[in-house]
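First the structure, in the form of structure tokens, and then the observations on it.
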Amino acid sequence: MTKGQIVAGCLAPHPPHLVYAANPPQNEAYSEGGWETLRWGYNRLARKLKDIDYDAIVIFTPHWQTYIGTHFLGLPQFKSKSVDPVFPNLFRFNYDLKVDVELSELMHDAAAEAGIITKMMRNPDFRVDYGTITSCHLLNPEWDKPIVTISSNRNTHYYSPEVMVEQASALGRACAKAIQESGKRVVLVASHSLSHRHFVEEAPLPEDMSREHIYNHSQYVWDMKIIEMMREGKSREVIDIMPEFTEQTIAETEGGGLIWMLAAMGFPNFPAEIYGYQSVIGTGNVVACWDPNDETREYVL
Amino acid sequence: MTNEPEILFGIYCPPHPHPLLSPDANEGYAKLRAGFDECRRRIEESEADLILVYSTTWPSIIGHQIQALENAVWTHVDDDFHYLGSMPYEFKIDTEFAHAFKEANEKRGLESRTVEYEGFPIDTGSVVALSLLNPENRIPSCIVSSNMYANRSETIVLGKAVRDTLATQGKKAVIVVVASLSNRMFTEHIDPADDRIHSRKDDDWNQKILEFFADGRLEDLSQLSRDIHGQIRVQKVVAYKPAWFMAASMGQHNNYDGEVLAYEALNGSGGAVITLTPSSGSVGDKEFDEDDVEYYQGDRNVLDKGMLE
Ligand SMILES: [Fe+2]
């Protein structure tokens, strides 16, 4: 069997606003649009993924929060309605998705072997979190690939951002090993924003773009610093600075997704493709991709 | 502002699903369950028109959200404890209260909104509390979120808006606050037989808090909230808010009959079922340091002050 490999790693933010703005038939809410900079960037990345041959998407989400270890989806299909607990006015999405249980179990086992506390999630009534659904929908609106969701263990809160770097890196290495052994071609997705301070009020028309801006300039400057390092291929440095970034901007990197993904990819020193940056209700969001293939890697923006 | 509302009693109870889904897995879970059952009996025997739940496991961002779907039906599964089973629920919500509560919040300067959507994910803490305390939906209920950015002033004002609403509608209420005491859990899966409070320090603090509750010193606990947050709360949110909400909604004083029905570990966290009933006579007032607040004026933008012109 040929060795499996990670064919791309995507940083894919999941404000439900982006799905809401696109009006897919699965979502019950209706919008007049909004947040095009991010959505058009997502569209372009989704087109790129169409040209990549892959078997499954593995996504790490901060909206499946587990305190006792890292959990993996462990049933072949989930079908239900996801309603965002914070923005239910925007996101009530009917989903029907397939899970690559074999790959999920391999990653679970590899993580357990590496000493990480793990659990397979096999309750059929479980609702898949809206982070998974938003990022996967925007990267693959056809939903024609199986996914695996990995939960976010709450290391940052329980211990510190530094412990999160250690734990998520170990998990990334274990997942990479399992992917290699699986013989599968896999797209990794870290589902989260960068700076993460929200406005606590919403415009009467949430998609009114005259009201949208970053929460404050400090958040913006930090986000730009991180993106600049991504562009320069300094992924190890991004992780080194991450504890401070997370604390200063209450960034959603606290969930560990980007650390996990970059560790799984061996902390790439090639440039990340940048597809767009925009604020959503004050938070900072970038769509980015690490393409390990020198032939297909692009300078997008 | 309005007449005094009638709060029959308050309940402080834990959010984790063990007392609902696996009460017999250890003696402690069974004791917590018995505590819930006792509260259920007391609610049934009371003349309550409404059960209002403030849940620390329902975080919100856009102000405080209030459940307003008349018939909230779903099957809930906990993120961590999914292997203990599913929690099907059907709750009868007092929509009239929900909408009036939202307006009362706004009158006091708070951002607030009702949520009225089929399939809205009601949080584990609320599902556990309402399933055990009001299984037959004998009494209409309502649930309010805990804003993740809110601190003391918003939470105190939120509690006062509850009083405004109850007084205006002339409803007798039971206030239910869903929260752990110490909230640090073991980060590995444990045999329920081995469950205990995560650390001696957490247990010491929990015992102290329980003494205050047993003495009916709710306002003292409210005043101690910042210390409690620093000592025994994992820093997930900006503050420990349950005692603020409970005091502000039930009355900011120490004149309560307190009863600790159970105190046990839930995967390491401190779970307690406690009741507080308004009474006469005050025990051990301390000197209150925290300012009282009637209206929320918004964030104080300290960065805008003292800038060089
Ligand atoms: Fe998020």
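The values are calculated or read from the model by the stated rules, or taken from the named source; none is laboratory data. Model, not experiment: these values are computed from the prediction. Note: ideal-geometry Cβ built from the backbone for every residue, glycine included; neighbour counts use all protein chains shown.
Here are the numbers for this structure:
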| read-out | value |
| --- | --- |
| Residues that are within 14 Å of another protein chain (Cβ to nearest Cβ) and either under 15 Å from the mean Cα position of the chain (by Cα) or surrounded by fewer than 23 Cβ atoms within 10 Å (Cβ to Cβ) (or both), drawn from the range B:203-232 | B:H229 |
| Entirely in the range B:16-102, the strands (runs of 3 or more DSSP E) that have 1 or more residues that are among the aliphatic types (A, V, I, L, M) and out of contact with any helix residue (DSSP H, G or I) (no Cβ under 7 Å at 6 or more places or on another chain) | B:71-76 |
| Matching residues, the range B:69-79, being more than 30 Å from A:G74 (Cβ to Cβ) and either touching a residue at least 60 places away in the same chain (Cβ under 8 Å) or away from chain A (no Cβ under 11 Å) (or both) | B:E70, B:N71 |
| Residue within the range A:254-265 that is among the acidic types (D, E) and more than 16 Å from the ligand (Cβ to nearest atom) present | no |
| Residues (without any contact (Cβ under 8 Å) to a residue 40 or more places away in the chain, part of a helix (DSSP H, G or I) and out of contact with any helix residue (DSSP H, G or I) (no Cβ under 9 Å at 6 or more places or on another chain)) located in the range A:225-261 | A:E228 |
| Qualifying residue in the range A:50-61 (condition: within 14 Å of chain B (Cβ to nearest Cβ), within 16 Å of the ligand (Cβ to nearest atom) and within 23 Å of A:I281 (Cα to Cα)) | yes |
| Subset of the range A:73-107 (residues that are more than 14 Å from every other protein chain (Cβ to nearest Cβ), farther than 30 Å from A:N293 by Cα and in a strand (DSSP E or B)) | A:Q77, A:D96 |
| From A:D100, A:D84, residue being of a type in the set (D, E) and more than 16 Å from the ligand (Cβ to nearest atom) | A:D100 |
| A:T70 vs. criteria polar (S, T, N, Q), buried (at least 23 other Cβ atoms within 10 Å of the Cβ) and either at the interface with chain B (Cβ under 9 Å from one of its Cβ atoms) or within 16 Å of the ligand (Cβ to nearest atom) (or both) | no |
| Failed condition for A:E247, given (1) in contact with a Pro (Cβ under 9 Å, 6 or more places away or on another chain); (2) surrounded by fewer than 18 Cβ atoms within 10 Å (Cβ to Cβ); (3) modelled with pLDDT of 95 or more | (3) |
| Within the range A:152-194, tally of residues that are within 14 Å of chain B (Cβ to nearest Cβ), within 16 Å of the ligand (Cβ to nearest atom) and either without any contact (Cβ under 8 Å) to a residue 12 or more places away in the chain or within 18 Å of A:C10 (Cα to Cα) (or both) | 2 |
| Failed condition for A:Q219, given (1) assigned to a helix (DSSP H, G or I); (2) away from the ligand (no atom under 16 Å from the Cβ) | (2) |
| Wholly within the range A:118-203, helices (runs of 4 or more DSSP H) carrying at least 1 residues that are aromatic (F, W, Y) | A:130-139, A:155-158 |
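Let's see how each residue does on (1) in contact with a Phe, Trp or Tyr (Cβ under 6 Å, 6 or more places away or on another chain); (2) among the hydroxyl-bearing types (S, T, Y); (3) more than 9 Å from every other protein chain (Cβ to nearest Cβ):
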position	(1), (2), (3)
B:I51	no, no, yes
B:I61	no, no, no
B:Q67	no, no, yes
B:F81	no, no, no
B:Y89	no, yes, yes
B:D94	no, no, yes
B:E116	no, no, no
B:D123	yes, no, no
